[in-house]
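Everything on this sheet refers to the single structure shown next.
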Amino acid sequence: MTTVQYRLLLEYDGTEYHGWQLQPNARTLQEVLETALATVLRHPARLHAAGRTDAGVHALGQVATFHTERTIDVHELRKALNALTPSDVAVREVAPAPESFDARRSATSRVYEYRIWNQPWRSAFWHRYTWHLPRALDLRAMRAAAAVFVGERDFSAFRAADCESESRIRRVLHSGFTETSSAPASSPRTTSHASSRAATARKRARRRRRRGCVWSRCRTTDTDA
C-alpha cells in the first residue's frame, strides 16, 4: 500500500524531558509522541523532527513528520494525540505533507529565544522559562554585542566535539534583545522639595521601571560551506 506523509506542529514544555531524541532509560519527547501515535494508528510510526532540542528546552513551533498507510482524519488525530499525551505537550496542527517535504532540510530558518527575568525577586510563574538575574543590565552593550553575530559566519568554536553537522557555516538573520516591563501600569512617585533628592528619586524610579523581562531572540538559517 502507498504511505502518506503527515506533518505535526508541536508545542511543549521540555522541563521534565531529556530532550527530543529517543534515549535508553530516559523519558524523551519523541518517545512520548511516538507511543501516542502508535496507539492511535495501531502501528509503530517514526517521527522526524526539524531539530533535536536538548534536555529542558521548550518549543513553540517544533515540526515533525511521520508516514502511515492508514487514511486518517487530521482533526480527529490531533484530538486523539492531545488526549494521549501529557499536559506539557500539545499538538497544534496535523496536516498532510508532500513526499518532498523534509522537516529538517525544508526549514528556511529557525528562531531561538532566551528570556531573562530581570527583577530583584524570582518569579513563581516564569521560573521555568527564564534565567533570573536580579542585577541591572546594560542593554545598550548587550544589543551591540548581539548585533555582531548577524551575517554568515563560521561557528566552529560553538560546536560540540561530537557534532555531526555537515556544515560549520550559519547565517544569522537577526540577533537582538527586546525588553518588556513587568511593573504595574501606574507606580507611586516619590517627591521632595530638594531638587537633588527629586532627581535621584526619578533616576531610581526609571531604573525600577526598566527592569522586567528581557528576551534574546536569534533567527538563523543553515548554509552550506
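The values are calculated or read from the model by the stated rules, or taken from the named source; none is laboratory data. All values derive from a computational prediction rather than experimental measurement. Using ideal geometry, Cβ is built from the backbone for each residue, glycine included, and neighbour counts are taken over all protein chains shown.
Things worth noting here:
- Of Glu99, Glu69, Glu76, all but one fail to be free of Cβ contacts under 8 Å to residues at least 24 places away in the same chain and among the acidic types (Asp, Glu); the exception is Glu76.
- Condition met for Ala147 (touching a helix residue (DSSP H, G or I) at 6+ places or on another chain (Cβ under 7 Å) and farther than 16 Å from Thr53 by Cα): no
- Enumeration of residues in region 1-16 that are part of a loop (DSSP other than H, G, I, E, B) and in contact with a helix residue (DSSP H, G or I) (Cβ under 8 Å, 6 or more places away or on another chain): Gly14
- You will find that of Gly61, Gly19, the residue that is assigned to a strand (DSSP E or B), at pLDDT below 95 and either out of contact with any Phe, Trp or Tyr (no Cβ under 7 Å at 6 or more places or on another chain) or under 25 Å from Val111 (Cβ atoms) (or both) is Gly61 and no other.
- Filtering region 1-36 to residues that are more than 18 Å from the chain's Cα centre (by Cα) and among the polar types (S, T, N, Q) leaves Thr2, Thr3, Gln5, Gln23, Asn25, Thr35.
- Region 65-119, residues that are in a strand (DSSP E or B) and touching a helix residue (DSSP H, G or I) at 6+ places or on another chain (Cβ under 9 Å): Phe66, Thr68, Val89, Ala90, Val91, Arg92, Glu93, Val94, Ala95, Pro96
- Sole exception among (1) at pLDDT 95 or above; (2) part of a loop (DSSP other than H, G, I, E, B) for Gly56, by number: (1)
- Output for region 110-154, where each listed residue is among the hydrophobic types (A, V, I, L, M, F, W, C) and farther than 18 Å from Gly176 by Cβ: Trp117, Trp121, Ala124, Phe125, Trp126, Ala136
- If you check Asp224, Asp154, Asp162 for being loosely packed, with under 10 Cβ neighbours inside 10 Å and either at pLDDT 65 or above or on the phi > 0 side of the Ramachandran plot (or both), only one passes: Asp162.
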